[in-house]
Amino acid sequence: MAELALSEQVNNEDVRHLNRRKINPLTLIIINAVLPVVTMFFPTDKSIIIGLCLGYTALLIARRYKTALKTLIWVAVGIMLILLNSFYIKSSVLGMMINMTVYFTPCILIAVLIVTDYNSSEILSALQRLHLPKIFIIGLTITIRYIPTFRREFRIIKQAMHIRGVEFSMKHPLRTFEYLLVPQLFRCVSLSAELTAAGLTKGIATKEKRTSYFDNRFHGVDYVMFAIGGVGMVLIIGGLI
C-alpha cells in the first residue's frame with residue numbers, strides 16, 4: 001500500500017510538472033478572442049508582428065517545431081506576394097485577399113494548436129472558469145472536437161472513392177464536390193449525435209459543479225503569453241509603436 005501511494009504521488013507530481021510546461025487552453029482561447037479584434041481595429045504591421053510572436057511562442061512552447069517552420073515559410077511567401085502585388089501586379093482584390101490571410105495567420109496558428117493538442121475535456125474544464133452559459137460551452141466544445149473528426153472522415157471518404165474507382169479530380173469539380181459532400185452530410189448527422197452523447201456521458205449537461213483531472217491554474221508559460229500579448233496591445237492601442 002505504501003509503494004502504491006508513493007507511486008501515485010510521483011505520478012501526480014509528473015502530471016503537475018507537465019501542466020506547468022503546457023499552455024493553459026484558456027490562455028489560448030482568450031488570446032485568440034482578443035487578437036482578431038485588435039487586428040481588425042488596428043490593422044498595422046506591428047499588430048501582425050505581435051500576433052505572429054504570440055503564435056510562434058505558443059508553437060515553440062508546445063514543441064511544434066515542424067508546424068512553426070511550415071507556417072513561417074507560408075508567412076514569408078505571403079509577404080513576398082504582398083510586395084509583388086504592391087510593385088508590379090497592383091490588384092486591389094488580390095492584395096486584400098493576401099493581406100487578410102497574413103493578418104489572420106496568428107489566429108490560425110493558435111486555433112490549430114487548440115484543436116490538435118487539447119482534447120474536449122481539457123477545453124471544457126478550462127471554459128468553465130469563465131462562467132459562460134452552459135449551452136455556449138457545449139456548442140463550442142463540440143465544434144472544436146468535430147474539426148479533427150471531420151478531417152478523418154474526409155480521408156475515409158477519399159479512400160472509399162478510390163476503392164470504388166471514383167477519381168478525385170478537379171477536371172469535374174461539381175461531380176467531385178457532390179461525391180464528397182453527400183457522404184459528409186450523412187456523416188455529420190451521425191457524428192454530431194455521437195459527440196453529443198459522448199459529452200452527456202461525461203456529465204457536460206449536469207447542473208452540479210464538475211470536477212476535473214486537469215490543472216486549470218495559470219503557470220509561468222501562461223504569464224509569458226499574457227505579457228507578450230498585453231504589452232504589445234497596449235503599445236499598439238496607445239500609438240507608441
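Key figures
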quantity	calculated
Relative contact order (%) - criterion: Cα under 8 Å, at least six apart; region: the chain	33 percent
Rh (Kirkwood; distinct C-alpha pairs) - segment 133-210, Å	14.5 Å
For the chain, built as a Gaussian network whose Cα springs stay under 10 Å, the top-fluctuating residue of Asn119, Asn85, Asn24	Asn85
Sorted by Cβ density within 10 Å, fewest first, the residues Ile156, Ile30	Ile156, Ile30
Max mean-square fluctuation residue, GNM over the chain, Cα-Cα springs under 10 Å, options Ser192, Ser47, Ser121	Ser192
Packing-based exposure ordering (other Cβ within 10 Å, fewest first) of Leu94, Leu26	Leu94, Leu26
Listed residues Lys22, Lys207, Lys171, most fluctuating in the chain (Gaussian network, C-alpha, under 10 Å)	Lys171
Stokes-Einstein D (µm²/s) once Rh is taken as the Kirkwood radius of the chain over alpha-carbon pairs, at 20 °C in 1.002 mPa s	102 µm²/s
Distance histogram for segment 39-168 (every C-alpha pair counted, 10 angstrom bins, percent rounded to whole numbers)	10, 27, 30, 24, 8, 0
For a label point 7 Å along the Cα-to-beta-carbon line of Leu180, residues of segment 129-166 with backbone N under 15 Å	150-162, 166
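Rule-based calculations on the coordinates, nothing more; no lab input. Only a predicted model underlies this, so the values are computations on that prediction, with no experimental measurement involved. Note: ideal-geometry Cβ built from the backbone for every residue, glycine included; neighbour counts use all protein chains shown.
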